[in-house]
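Let me begin by presenting the structure, written as structure tokens, before commenting on it.
Please treat every number below as a calculation from the coordinates, not as lab data. Worth saying up front: this structure is predicted, and the values here are computed from it rather than measured.
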Amino acid sequence: MEQLHAPWRIEYILAPKPPPSDESLFTRIAHSSDDVATHVLVRERSCFAVLNTYPYNGGHLMVVPYRQAADLNDLTEQELADLMVLTRRCVNALKKVMRPDGFNLGVNLGRVAGAGVDNHLHLHVVPRWNGDTNFMPVLAGTSVVPQALTEVAASLRAALAAAAGDGQPSATTS
């Protein structure tokens, strides 16, 4: 049997867990002022992008509305539009920084559909490369994330900021 060591996970395992709350993990991140510690990449009018702390692939990020909503029908038309525009910006930044061969984009609605945070919808953006593993390994799957989250976050923040300054479409422009 091969063993894969992931020493960074012990921090999560041993960390004190917040008490049960009606406020989601994403709401807590949205209210945080420490974007570096929470891996927030960019904040826009009604949503933000954050790296997944436990990614399926390097660069796996999520686009999240600030307002806690469990279903697409709970979002306004503007929130839906902002979600997709920021997703497009993030895909473009990932293309520039990590040069993937493709992407998986997805929303899991409800726990039975695989939502880890089922009371606050979020859109996954997972970069893919030729020859990598499938999107969500089921049996004995292993994913190798070759770059530290802090490094990926810094590179993507820079790319998103540069794109906002060069006239590329952003969630704050019409």
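With the contact rule set at Cα under 8 Å and sequence spacing of 6 or more, what percent relative contact order holds for the stretch 23-131?
Working: 178 pairs, mean separation 31.3, N = 109.
Relative CO of the stretch 23-131 lands at 29 percent.
What length, rounded to one decimal in nm, is gained on full extension from Glu77 through to His31, with 0.36 nm per residue of separation minus their alpha-carbon distance?
Numbers: separation 46, 0.36 × 46 = 16.56 nm, distance 2.29 nm.
Extra length available between Glu77 and His31 comes to 14.3 nm.
Using 0.36 nm times the number of residues separating Glu151 and Asp118, minus their current alpha carbon distance, what extension gain do you get? It would help to have the intermediate numbers written out before the result.
Details: separation 33, 0.36 × 33 = 11.88 nm, distance 2.85 nm.
Taking 0.36 nm per residue and subtracting the Cα distance, the gain is 9.0 nm.
Quick check on the stretch 23-131: what does the Kirkwood estimate of hydrodynamic radius come out to from the alpha carbon pairs, in Å?
On the way: mean 1/r = 0.0711 Å⁻¹.
Computed over Cα pairs of the stretch 23-131, the Kirkwood hydrodynamic radius comes out at 14.1 Å.
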